[in-house]
1. Got a sec? Which of Gly126, Gly141 is more than 30 Å from Asp237 (Cβ to Cβ), surrounded by fewer than 24 Cβ atoms within 10 Å (Cβ to Cβ), in contact (Cβ under 8 Å) with a residue 60 or more places away in the chain and not β-branched (Val, Ile, Thr)?
2. Considering only the range 329-438, give the helices (runs of 4 or more DSSP H) lying wholly within it that have at least 2 residues that are in the same structural domain as Ser147 (by the TED database).
3. Name the residues in the range 283-317 that are under 30 Å from Met198 (Cα atoms) and either modelled with pLDDT under 95 or polar (S, T, N, Q) (or both), would you?
4. Looking at (1) in a helix (DSSP H, G or I); (2) aromatic (Phe, Trp, Tyr); (3) buried (at least 20 other Cβ atoms within 10 Å of the Cβ), which is the only condition Tyr300 fails?
5. Applying the selection to the range 347-371, what residues are out of contact with any strand residue (DSSP E or B) (no Cβ under 6 Å at 6 or more places or on another chain), touching a residue at least 40 places away in the same chain (Cβ under 8 Å) and open to solvent by 30 Å² or more (accessible area, probe 1.4 Å)?
6. For the range 324-370, enumerate the residues that are within 20 Å of the chain's Cα centre (by Cα) and farther than 18 Å from Ser292 by Cβ.
7. Residue under question is Ala171, and the condition is that it be open to solvent by less than 50 Å² (accessible area, probe 1.4 Å), free of Cβ contacts under 8 Å to residues at least 60 places away in the same chain and over 30 Å from Ser329 (Cα atoms); does it hold?
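The values are calculated or read from the model by the stated rules, or taken from the named source; none is laboratory data. Predicted model, so just to flag it, every value in this text is computed and none were measured. Note that each Cβ is placed from the backbone with ideal geometry, even for glycine, and that neighbours are counted across all protein chains shown. Accessible surface areas use protein heavy atoms only, side chains included; no ligands, DNA or RNA. Shrake-Rupley method; radii C 1.70, N 1.55, O 1.52, S 1.80 Å.
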Amino acid sequence: PDESVTGSFASFIHGARPEHLSQTVRQRSKRMILDSIGVGLVGSTTRVFDIALRYCRLYSSVAVSSVYGKPGVKLSPTLAAFTNGVATHSMDFDDTWHPATHPSGAVLPALLAASQMLPPNTKPNGLEFLLAFNVGLEVQGRLMHFSTEAHDIPKRFHPPSVVGTLGSAAATAKLLSLSSAQCCHALGIAASLAGAPMANAATQAKPLHVGNATRLGLEAALLAARGMEANPLILDDIPGCSGFSAFYSVYHPKPLSAPGEHHQFLLEKQDIAFKRFPAHLGMHWVVDAALSVRNLFVNYAGSFSPSLIRTIVLKIPVSKYINRPFPSSEHQARHSFQFNACAALLDGEVGLGSFSESSIQRQELRELLGKVVVEHPEDNVANFDKMYGEVALLLHSGDMLTGKCDTFYGHWRKPLSKESLLKKFRSNASHVLPEEKIEAIITLVDNLENLSDSSQL
């Protein structure tokens, strides 16, 4: 096992040290932590979060860990992780990586809950917290690169429910200072707790995928810490015996090099995508394309007049679960190319209010949706690193106006500025926190390496 793929991952988790994190990795991961907290706070205002919280309060006998947006409410560590994971993904507002997954929401809630769980004299400091967070990211990213299938928008398993569960287990194992053997078993246990089908996308069940990933990864690490064992070759490709390969049709695992001067964290090489509005990442291409063509239309006609439009042509990749012509719920709308394009055209923006029931059911929006025609160009692949969005307006006059987006603002190729990220965080957090607490969180995260007790987060 020590020379296996799984063994190399366990050795990496156990052996990673704060000095292995470059300044770039530290800064990028702190941006992720701040954004994820803000997304979780605004997510605590949603109905699906309330359902999850009411469920968890049935089992709050060891209530030591805090809940997003609910001062004074505490749950057991695993249920707090679950509830906060649900909050993070409740609006599909959380960060996204490539290959496609939502890395922060699957890891951060587990670490926040575990930090509060530990006795006062053993609580991790901020630098140890930051290291554990990055270990969880690295494990997720490396696992995603084992499969060519994982590089495209998924069809079978929702990625955070798969790699996120193991990332949470790895991060928590690091925070708890488990041995290399225990880290190995934590990954094996987590693999037995992982996986959720894509059919539940665009429903209230989808946020449970992230909630379960962070909770079950935490549970896997806690079980391993207490002596539970699992297959020590769970990540290896063993003919005739599916391990982690069960989640992917094409699977080619590689050992993870030891942390040190010859290892470069994936976050060093590729930044993260932060969303400007709460919807599936693919929507950000069509919204920016729609806003571009809307500006052309206003210059052409003097104002936005839907009656002048005969047809709206969307050129998008083939991805069934986000091709929804007439969404009827907020979760369906967050996963609809058609809705997001039309909302951007009609309102000149997409934001929190775009997904309210009253906004979704507007007659003028439904009329625009009725004009949409979808095309799937062969060069527009379902891959977050290669796809594009194009919106063309065919007018009754015979003229055609076109807007196209190859890289939206917030993509890892075009990262949000510090000002934009702080504006998003302040806006999200303001739904549940006063200004002084919002600024205190910003300061804490910005100086995380110097924090003596990470449970202060």
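1. Of Gly126, Gly141, the one residue that is more than 30 Å from Asp237 (Cβ to Cβ), surrounded by fewer than 24 Cβ atoms within 10 Å (Cβ to Cβ), in contact (Cβ under 8 Å) with a residue 60 or more places away in the chain and not β-branched (Val, Ile, Thr) is Gly126.
2. Ranges flagged: 418-429.
3. none
4. Only one criterion is unmet by Tyr300, namely (3).
5. Scanning the range 347-371 gives Gly348, Glu349, Leu352, Glu364, Arg366, Glu367.
6. Glu330, His331, Gln332, Ala333, Arg334, His335, Ser336, Leu352, Phe355
7. no
Condition check ((1) hydrophobic (A, V, I, L, M, F, W, C); (2) more than 21 Å from Ser427 (Cβ to Cβ); (3) open to solvent by 10 Å² or more (accessible area, probe 1.4 Å)) across all residues:
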{"site": "Gly15", "(1), (2), (3)": "no, yes, yes"}
{"site": "Thr45", "(1), (2), (3)": "no, no, yes"}
{"site": "Ile51", "(1), (2), (3)": "yes, yes, yes"}
{"site": "Gly72", "(1), (2), (3)": "no, yes, yes"}
